[in-house]
Amino acid sequence: MPPARFASTLVLLVRHGVTPTTGRLLPGRRRGLHLSEEGRRQAEALAVRLAAVPKLAAIYSSPLERARETVAPLAKARGLAVRVEPGLLESDLGAWTGLSLRRAAKRPEWAVVQRHASAFRFPGGESFVEMQARMVSAVARLVARHRGGTIVVASHADPIKTLVAHALGAPLDLFQRIMIAPASITAIAYRLEGLSVLTMNAMDGDLASLGRP
């Protein structure tokens, strides 16, 4: 008997929408940060954009409020629950949590974060290597759970960027070259032949052109 066919799985990665701190602070895993009015509009628009995808097997999210709120309108429109997955969390920034981007950029370690991320660990927090491994593993588990389906995964900029770097086979030290904007959609197909990045950082339009992976 021939082996069972490997069913490809489409993962739609969504960065959370805009919050009051976006572009100003590094909130990390701090709780209680919600979407701004603009972020809520982005969340509503996301549900409309994804109407082109005929069937979703599941919607997963980082435990943080800003990620869950981003996919809440989509979940309501599809009659699905938002399933919380701890592996999709933002990086643990340790002592850098709450630091302004302006102050962070003045630190001597900033050059390492930008150009040699594989060598950096946030003081009292997580390394980029650990974050990437966590994110890759979490999404792989979800893919195995929904083989052949389409899933939405709401997370944060750096975790998504490191996953995209992994999918492209790019060194972690180059992951900062990847841009992932608030409420953007990145699509990765998990196939027998390997991973394929179908679209990245999509900000408008729908996903009808993707078809089935």
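Bear in mind that the values in this text are calculations on the coordinates, not laboratory data. Just so you know, these numbers come straight off a predicted model, no measurement behind them. No Cβ is skipped: glycine too gets one built from the backbone with ideal geometry, and neighbour counts run over all protein chains shown.
What list of ³J(HN,Hα) couplings, whole Hz, do you get for segment 68-74 from phi and the Karplus terms 6.51, -1.76, 1.60, once you set θ to phi - 60° and write x for glycine and proline?
Whole-Hz 3J(HN,Hα) from phi for segment 68-74: 5, 5, 5, 9, 4, x, 5.
State the extension gain, in nm to one decimal, for the chain segment bounded by residue 7 and residue 176, taking 0.36 nm per residue of separation less the distance between their alpha-carbons.
Using 0.36 nm per residue and subtracting the Cα-Cα distance, I get 57.7 nm.
Starting from the Cα gyration tensor of the chain, take the square roots of the eigenvalues, sort them a ≥ b ≥ c, and report rounded, prolate or oblate (rounded when a/c is under 1.5, otherwise prolate if a/b is larger than b/c, else oblate).
Oblate, because a/c is 1.5 or more while a/b does not exceed b/c.
What order do you get for 65, 90 when you list them from fewest to most C-beta neighbours inside 10 Å?
Details: 65 17, 90 24.
If I rank by nearby Cβ atoms, fewest first, I get 65, 90.
If Lys and Arg each add +1 and Asp and Glu each add -1, what is the summed charge of the other residues whose beta carbon sits under 11 Å from the beta carbon of residue 139?
Charge balance near residue 139 sits at +2.
Taking the Cβ of each residue in 193, 85 as the centre, tally the other Cβ atoms inside 10 Å and list the residues starting with the fewest.
If I rank by nearby Cβ atoms, fewest first, I get 193, 85.
Give me the number: length gained by fully extending residue 106 to residue 137, i.e. 0.36 nm times residue separation minus the C-alpha to C-alpha distance, one decimal in nm.
Here the answer is 7.9 nm.
Ranked by Cβ crowding within 10 angstrom, fewest neighbours first, how are 116, 16 ordered?
Least to most surrounded, the residues fall as 116, 16.
If each of residue 48 and residue 144 carries a label point 7 Å out from its Cα toward its Cβ, how far apart are those two points in nm?
4.0 nm
For residue 115 and residue 57, what does the FRET efficiency come to when R0 = 41 Å and r is the distance between their Cβ atoms, rounded to the nearest 0.05?
My answer for the efficiency is 0.60.
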